1. Within the range 91-132, restricting attention to residues that are of a type in the set (V, I, T) and in a helix (DSSP H, G or I), which residue is modelled with the lowest pLDDT?
2. I need every pair where a residue in the range 207-219 that is closer than 11 Å to K195 by Cβ has its Cβ under 6 Å from the Cβ of a residue that is part of a loop (DSSP other than H, G, I, E, B) and acidic (D, E), sequence separation at least 6 or different chains.
3. Only one of (1) at pLDDT below 90; (2) small (G, A, S); (3) surrounded by 15 or more Cβ atoms within 10 Å (Cβ to Cβ) fails for S139. Which number is that?
4. Mind listing whichever residues of the range 41-83 are among the hydrophobic types (A, V, I, L, M, F, W, C) and surrounded by fewer than 18 Cβ atoms within 10 Å (Cβ to Cβ)?
5. Would you mind stating whether S50 is closer than 30 Å to K159 by Cβ and assigned by TED's automatic domain parsing to the domain that holds I124?
6. For D107, are the conditions met, namely being surrounded by 15 or more Cβ atoms within 10 Å (Cβ to Cβ) and charged (D, E, K, R)?
7. Among (1) modelled with pLDDT of 85 or more; (2) among the β-branched types (V, I, T); (3) surrounded by fewer than 18 Cβ atoms within 10 Å (Cβ to Cβ), which single condition is I200 missing?
8. For the range 204-220, enumerate the residues that are over 21 Å from K166 (Cβ atoms) and either surrounded by 12 or more Cβ atoms within 10 Å (Cβ to Cβ) or in contact with a His (Cβ under 7 Å, 6 or more places away or on another chain) (or both).
Amino acid sequence: MKDELGRTSNIVGEYAEHLVKDYVGGELLPPSNKSADVKAKDGRLYQVKSRKVKGKLTGSLGIIRSWGFDYLTVILFDEYGGVLYAISSPKKVAKEYAKSNDLQNGDVISITQDFINDIRNINITNAIMKINLQEVDESVFEIKEEILKIPIGKYVRLKLNEVLGKELINEEELKKMQDLEYSKFTFGIQFPFFKSVKSIEEVKVSRYWKEPVTVLDEKYFVCSEWYEREGNNDRPYFEEWLSKIVK
């Protein structure tokens, strides 16, 4: 995603608008429309704000110069293009967090836990994450390509952390992910995805990352044997699993 995710900040905003357009099943509005970026089929207007976040939630969203919309939709990306948070905030709620900025002739909203987690907002994180994993059209294809440049091992750890942070793996799925045959069929890997820390003596360090993760209050090692080459590409398997988990 250009300089914000490898190139320019504007690309991040454009990509976020495409994600929201797909989410509401609407259309992109021309840049000349200063109030909204997306119009849904039901006529509701969405202004879209986005930015890359590294570490803690800090900073602010882009300047709001017009409030002629129904929802302020905010998408926060991590440094690799993954979706951290996505919310649609009713205009009335968003206005409560806005501060006037005379220098920029508009209003600014700081990125805070209070704003992101306000119960009056609509949390659309999982829906946007799922759209982000799907195929994109030519207008945003180059952005998707930037995400695909992340090495498969780093990509697995990054996305797994997102999934675990949202507690999307249930007991049944956890059990399956410790099974060799399920891991082969689902992920294309040759070892169980998870290995319980209790059975550490059975784990070859070369096959699992040393730092365990916590799933349902238990610690597990994660398989590190991931490949992305001709004839042995694990990425499509992992992304298909992600699309089913994030729903």
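1. Selected residue: I131.
2. R207/E225
3. Here S139 clears every test but (3).
4. The answer is V53, L57, I63, W67.
5. Yes; evaluated as a whole, the condition is true for this residue.
6. Yes.
7. Only one criterion in (1) modelled with pLDDT of 85 or more; (2) among the β-branched types (V, I, T); (3) surrounded by fewer than 18 Cβ atoms within 10 Å (Cβ to Cβ) is unmet by I200, namely (1).
8. Listed by number, the residues that qualify are R207, Y208.
The values are calculated or read from the model by the stated rules, or taken from the named source; none is laboratory data. What you see is a predicted model; the values in this text were computed from it and never measured. Counting neighbours? That spans all protein chains shown, and the Cβs are built from the backbone with ideal geometry, glycine included.
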